[in-house]
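Here is the structure we will look at.
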Amino acid sequence: QVQLVESGGGLVQAGGSLGLSCSASGITFSMYVMGWYRQAPGKERELVATIASDGSTDYGDSVKGRFTISRDNAKNTVYLQMTSLKAEDRAVYYCNAKFTLGPIVYWGQGSQVTVAS
């Protein structure tokens, strides 16, 4: 059974920092591109960041320079470090695992991030 379990969301003041973690089980972690997406109220889910097994990354334009994605292949865990948080970063953040060799995608349950202005 595949599970993506997120942790670390919560409430933070604007300008502050917050970290998210996603622990994966039931998959061969190194064969998945891991990512974070977010969905704000009334908006579509959007890309935050992705990271491949070799460490190559991609970021959404709105978070470039403020957020950092990383992964620990030995711990089957992907991280998102968020800094200089803005009110518009408020959203539910979802962990995502995309199989590199086929159309298989898994999602976590979501973690709420609230930024108080």
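Tabulated values for the structure
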quantity	calculated
Unmet requirement for Val63, which otherwise passes all of (1) under 24 Å from Ala116 (Cβ atoms); (2) open to solvent by 40 Å² or more (accessible area, probe 1.4 Å)	(2)
All positions within region 26-50 that are farther than 21 Å from Arg90 by Cβ and free of Cβ contacts under 8 Å to residues at least 12 places away in the same chain	Thr28
Residues being outside any loop (DSSP other than H, G, I, E, B) and either in contact with a Lys or Arg (Cβ under 7 Å, 6 or more places away or on another chain) or among the small types (Gly, Ala, Ser) (or both) - total across region 64-73	1
Restricting region 102-116 to residues that are free of Cβ contacts under 8 Å to residues at least 12 places away in the same chain and more than 19 Å from Thr77 (Cα to Cα), the residue that is surrounded by the most Cβ atoms within 10 Å (Cβ to Cβ)	Gly102
Matching residues, region 31-55, being of a type outside the set (Asp, Glu) and open to solvent by 60 Å² or more (accessible area, probe 1.4 Å)	Met31, Gln39, Pro41, Gly42, Lys43, Arg45
Top-ranked residue of region 3-17 - restricted to ones that are of a type in the set (A, V, I, L, M) and surrounded by fewer than 16 Cβ atoms within 10 Å (Cβ to Cβ), ranked as nearest to the chain's Cα centre (by Cα)	Val5
Identity of the residue in region 18-50, over 15 Å from the mean Cα position of the chain (by Cα) and among the polar types (S, T, N, Q), that ends up nearest to Asp72 (Cα to Cα)	Ser30
Residue check for Ser53: of a type in the set (Gly, Ala, Ser), under 15 Å from Thr77 (Cα atoms) and part of a loop (DSSP other than H, G, I, E, B)	yes
Count of region 84-99 residues which are farther than 17 Å from Val5 by Cβ and touching an Asp or Glu at 6+ places or on another chain (Cβ under 9 Å)	1
Flag for Phe99 being surrounded by 14 or more Cβ atoms within 10 Å (Cβ to Cβ) and farther than 18 Å from Val115 by Cα	yes
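Residue-by-condition table, conditions (1) outside any strand (DSSP E or B); (2) modelled with pLDDT under 95:
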site	(1), (2)
Tyr37	no, no
Pro41	yes, yes
Leu47	no, no
Ser62	yes, no
Lys75	yes, no
Val78	no, no
Leu85	yes, no
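The values are calculated or read from the model by the stated rules, or taken from the named source; none is laboratory data. Predicted model only: the values in this text are computed from it and were never measured. Note that each Cβ is placed from the backbone with ideal geometry, even for glycine, and that neighbours are counted across all protein chains shown. Note: accessible area is taken over every heavy atom of the protein model, side chains too, but ligands, DNA and RNA are not part of it. Shrake-Rupley method; radii C 1.70, N 1.55, O 1.52, S 1.80 Å.
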